[in-house]
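Trainee: Starting off with a structure, shown below.
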Amino acid sequence: MSRYVFDSSAVQAPERFSALETCYDPVSRLRLAQTGVGAGWHCLEVGGGGGSLGAWLADVVGPTGQVLLTDLVPQAEGPLSERPNLTVARHDIVNDVLPDDAFDLVHARLVLLHLPQRRAVLDRLVSALKPGGWLVLEEFDCGWIPVLSAPDPGAARLFDKVHTHLMRLLTEAGADPLWGRRVYGAMFQAGLTELAATTYAEAWPGGSPGIHLHRVNTEQVEDRLLAGGITFGELGDFWSLLKNPAFAVNSYPLVTVCGRQPR
């Protein structure tokens, strides 16, 4: 089974899902709507997380459509259990079977970034598309998150230090923190056409829902950060900084790439 640094079964997972949904769901819904998704479409939502986008897709495709939401640790409560056209399945996108020529739309947000086998998984997602079907991948480019405002120079250095250590943990686990800037080229190489890409970013001031993502991510890997050279005092100061309205950092840029399977 594929392993993630940020395990979806961890106690921090619901807060991570909430932060991502608050900040990025409006962007994702807009990009997905641009594919023309509508009544009767069959859709695959890979790594569905908290399920907000899967539920939205189920409403969009209506009773004549179908949505399959997969995850290593699927959430089976709330809106996911209320829609008869939405199926939630435990599935490892690296190792488990995926049907060919089955979907009008395949979407994954912040999944392939974490997978050492991301190129092979991309090929599998392309194979799952019907002729004329759309693949929409949304990935972070973690290489450009400048500090926009800081109460003092030391605060900016502290943020950069902790974040650099976090990115090292991701890289050691096989993730590619710069995958966002590589997705367009990878989808072109996979044979998709009508490619289009957009990038979304915003300011995350201290205390905002977005910057809370840095809190829950670092809480989840606290032991590994401490083992890697971050002191307990530095981590406490980092968490306090994330609540300070005088501090602001650029959000992770979300790169969305859409491509179509040739007919």
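Trainee: Any residue at all in region 151-167 that is aliphatic (A, V, I, L, M) and within 15 Å of Glu139 (Cβ to Cβ)?
Mentor: Scanning region 151-167 turns up at least one residue that is aliphatic (A, V, I, L, M) and within 15 Å of Glu139 (Cβ to Cβ).
Trainee: It is to be established whether one or more residues within region 42-49 are surrounded by fewer than 22 Cβ atoms within 10 Å (Cβ to Cβ), out of contact with any strand residue (DSSP E or B) (no Cβ under 6 Å at 6 or more places or on another chain) and not in a strand (DSSP E or B).
Mentor: no
Trainee: From the list Gly236, Gly229, exactly one residue is over 18 Å from the mean Cα position of the chain (by Cα) and either within 17 Å of Gly154 (Cα to Cα) or part of a helix (DSSP H, G or I) (or both). Which is it?
Mentor: Gly236
Trainee: Look through Gly36, Gly47 and report the one residue that is of a type outside the set (A, V, I, L, M) and either closer than 29 Å to Val11 by Cα or touching an Asp or Glu at 6+ places or on another chain (Cβ under 6 Å) (or both). Outline the logic, then answer.
Mentor: Details: Gly36 fails: either closer than 29 Å to Val11 by Cα or touching an Asp or Glu at 6+ places or on another chain (Cβ under 6 Å) (or both).
Step by step, each of Gly36, Gly47 is checked, and only Gly47 is of a type outside the set (A, V, I, L, M) and either closer than 29 Å to Val11 by Cα or touching an Asp or Glu at 6+ places or on another chain (Cβ under 6 Å) (or both).
Trainee: Given the conditions (1) within 29 Å of Cys43 (Cβ to Cβ); (2) buried (at least 18 other Cβ atoms within 10 Å of the Cβ), which single one is not true for Leu241?
Mentor: (1)
Trainee: So which residues in region 94-114 are buried (at least 22 other Cβ atoms within 10 Å of the Cβ) and either β-branched (Val, Ile, Thr) or without any contact (Cβ under 8 Å) to a residue 40 or more places away in the chain (or both), if there are any at all?
Mentor: Val106, Val111, listed by residue number.
Trainee: Would you mention how many residues in region 88-114 are touching a Ser or Thr at 6+ places or on another chain (Cβ under 9 Å) and either charged (D, E, K, R) or assigned to a strand (DSSP E or B) (or both)?
Mentor: Selection size over region 88-114: 11.
Per-residue answers, yes or no, for (1) without any contact (Cβ under 8 Å) to a residue 12 or more places away in the chain; (2) hydroxyl-bearing (Ser, Thr, Tyr); (3) surrounded by fewer than 22 Cβ atoms within 10 Å (Cβ to Cβ):
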position	(1), (2), (3)
Gln220	no, no, yes
Ala227	yes, no, yes
Gly233	yes, no, yes
Gly236	yes, no, yes
Asn250	no, no, yes
Gly259	no, no, no
Pro262	no, no, yes
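Trainee: What are the residues in region 131-184 that are acidic (Asp, Glu) and farther than 20 Å from Gly229 by Cβ, if any?
Mentor: Glu138, Glu139, Asp141, Asp152, Asp176
Trainee: Something else: With a cut-off of at least 3 residues that are under 25 Å from Cys258 (Cα atoms), of a type outside the set (Ser, Thr, Tyr) and within 20 Å of the chain's Cα centre (by Cα), name the strands (runs of 3 or more DSSP E) lying wholly within region 122-215.
Mentor: Hits in region 122-215: 129-140, 193-200.
Trainee: Between residues in region 190-213 that are farther than 13 Å from Ala248 by Cα and residues that are outside any loop (DSSP other than H, G, I, E, B) and acidic (Asp, Glu), which pairs lie under 7 Å by C-beta distance while being six or more apart or on different chains?
Mentor: Qualifying pairs under 7 Å: Ala190/Asp123.
Throughout, read-outs are computed from the coordinates displayed, never taken from laboratory work. Remember, predicted model here, so these are calculated numbers, not experimental data. Note that we place each Cβ from the backbone using ideal geometry, even for glycine, and neighbour counts take in every protein chain shown.
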